[in-house]
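Single-structure report; data block below.
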């Protein structure tokens, strides 16, 4: 016995939930318009002054192929626990806390390339859980 249509047709449609804050702002804007009260636009952020700007830093060294291969092997080594949902450094620290003795060069590389997302996140970072 075959039915026509999609499998999703048997499930009820769900609408996106509205947040309370957005609803309050909308109601406040509408009530201000009804009463003739002008509604001010949100303030624009001011550009930082030269005194607030940080001095330029040297860019971190680019991750080499050998480094990325070492980190890939660390991601695929299941003896240090799962690697989804956390950064490589968090995984390394968790493995160390559990007494699993993760490789020290991995931690050194992660601390050295802290600002590089290719180094910070695991292989599976791009995939949803």
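Computed quantities for the displayed model
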quantity	calculated
Cα pair distances of the range 65-120 binned at 5 Å [whole percent]	4, 21, 36, 27, 11, 1
93, 108, 126 arranged by Cβ crowding within 10 Å, fewest neighbours leading	126, 108, 93
Ordering of 94-102, 113-121 by packing [mean C-beta count within 10 Å, highest first]	113-121, 94-102
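Just so you know, all these numbers are worked out from the coordinates, no wet-lab data involved. All values reported here derive from a predicted model rather than from experimental measurement. Cβ coordinates were reconstructed from backbone atoms using ideal geometry, including for glycine residues, and neighbour counts include every protein chain displayed.
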